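Chemist: Take this structure, written in structure tokens, and hold onto it; I'll ask about it next.
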Amino acid sequence: MLITHQGNNQVKNNKIDLLVQQSEQFVIFEDESIDSAFARFNTIITSLKALDEGYSSKNYVKKFLRALHPKCRVKVTTIEESKDLTSLSLDELIGNLKVHEMIIMKDSEIVKAKRERKSLALKA
């Protein structure tokens, strides 16, 4: 019975090590949506919590901010300067980033539409 228990602990510790490594190496890709990135991140932290190896919420927030693509650096700096990261929940952060993402997408659509109108005007 003792061997099985030690084996289970070893398996658990190996899973924890793998998940910690995944969380440390977690990156958000340039063309990835906040929803997609959060889904991947949430899978890792939920698994860690299930194994009783969760970080504090503020560490998740900081980690997610660090994982954002460099093109989001201005937004990350704004959040870091305007929010108390020790009390900012991951859900609040994700909501904030999703609003930012929607604004960026809308701005991109406006710029694209202006280019198309300019192109049509030049052809005429």
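Chemist: Can you tell me which aspartates and glutamates have their Cα less than 15 Å from the Cα of Lys49? Leave out same-chain residues fewer than eight positions away.
Modeler: Asp17
Chemist: Let me spell out the model: positive unit charges on the Cβ of Lys and Arg, negative unit charges on the Cβ of Asp and Glu, origin at the Cα centre of the chain. What dipole size does that give, in debye rounded to 20?
Modeler: Details: 20 positive and 17 negative charges, 127 e Å.
The dipole magnitude comes to about 600 debye.
Chemist: Please give the helix 34-50 orientation as an angle from the longest Cα principal axis of the chain, in degrees from 0 to 90, rounded to the nearest 10.
Modeler: Result, in degrees: 10.
Chemist: Moving on. Could you run the Karplus curve 6.51 cos²θ - 1.76 cosθ + 1.60 with θ = phi - 60° over region 109-115 and give me ³J(HN,Hα) per residue in whole Hz, x for Gly and Pro?
Modeler: Values, residue by residue: 5, 5, 4, 4, 5, 5, 4 Hz.
Chemist: Measure off 7 Å from each Cα along the Cα-to-Cβ vector at Arg66 and Val11, then give the distance between these two points in nanometres to one decimal.
Modeler: Distance between the two pseudo-spin positions: 3.1 nm.
Chemist: Taking a label point 7 Å from the Cα of Val111 along the Cα→Cβ vector, which residues of region 8-52 have an amide N closer than 17 Å to it?
Modeler: 30-32
Chemist: A further question on this structure: Using a 1.4 Å probe on the protein chains only, how many percent of the accessible area of region 72-124 belongs to carbon and sulfur?
Modeler: That fraction is 58 percent.
Chemist: Under the Kirkwood approximation for Rh and a Cα-based Rg, what ratio Rg/Rh is obtained for region 74-113?
Modeler: Ratio value, two decimals: 1.11.
Chemist: When we measure straight from the Cα of Lys98, which lysines land under 18 angstrom away, once same-chain ones fewer than 8 places off are left out?
Modeler: Lys62, Lys63, Lys71, Lys75, Lys83, Lys106
Chemist: Going by amide H atoms built from the backbone, whose H comes under 5 Å of the H on Leu51, apart from near neighbours?
Modeler: none
Chemist: For the chain, with every protein chain kept in place, what is the accessible area per residue (1.4 Å probe, Å²)?
Modeler: So the chain comes to 71 Å² accessible per residue, rounded to a whole number.
Chemist: In addition: Diagonalise the Cα gyration tensor of the chain and give the resulting equivalent ellipsoid semi-axes, square root of 5 times each eigenvalue, largest first, whole Å.
Modeler: In descending order the semi-axes read 41, 17, 10 Å.
Chemist: I'd like the Karplus ³J(HN,Hα) series for region 72-87: coefficients 6.51, -1.76, 1.60, θ = phi - 60°, whole numbers in Hz, and an x wherever there's a Gly or Pro.
Modeler: Values per residue, Gly and Pro as x: 9, 4, 4, 5, 4, 4, 4, 5, 4, 7, 9, 10, 8, 5, 6, 10 Hz.
The values are calculated or read from the model by the stated rules, or taken from the named source; none is laboratory data. The structure presented is a predicted model; accordingly, all values stated were derived computationally and were not measured. Using ideal geometry, Cβ is built from the backbone for each residue, glycine included, and neighbour counts are taken over all protein chains shown. The protein model used for the area step is the full one, side chains on, heavy atoms only, and it has no ligands, DNA or RNA in it. Shrake-Rupley method; radii C 1.70, N 1.55, O 1.52, S 1.80 Å.
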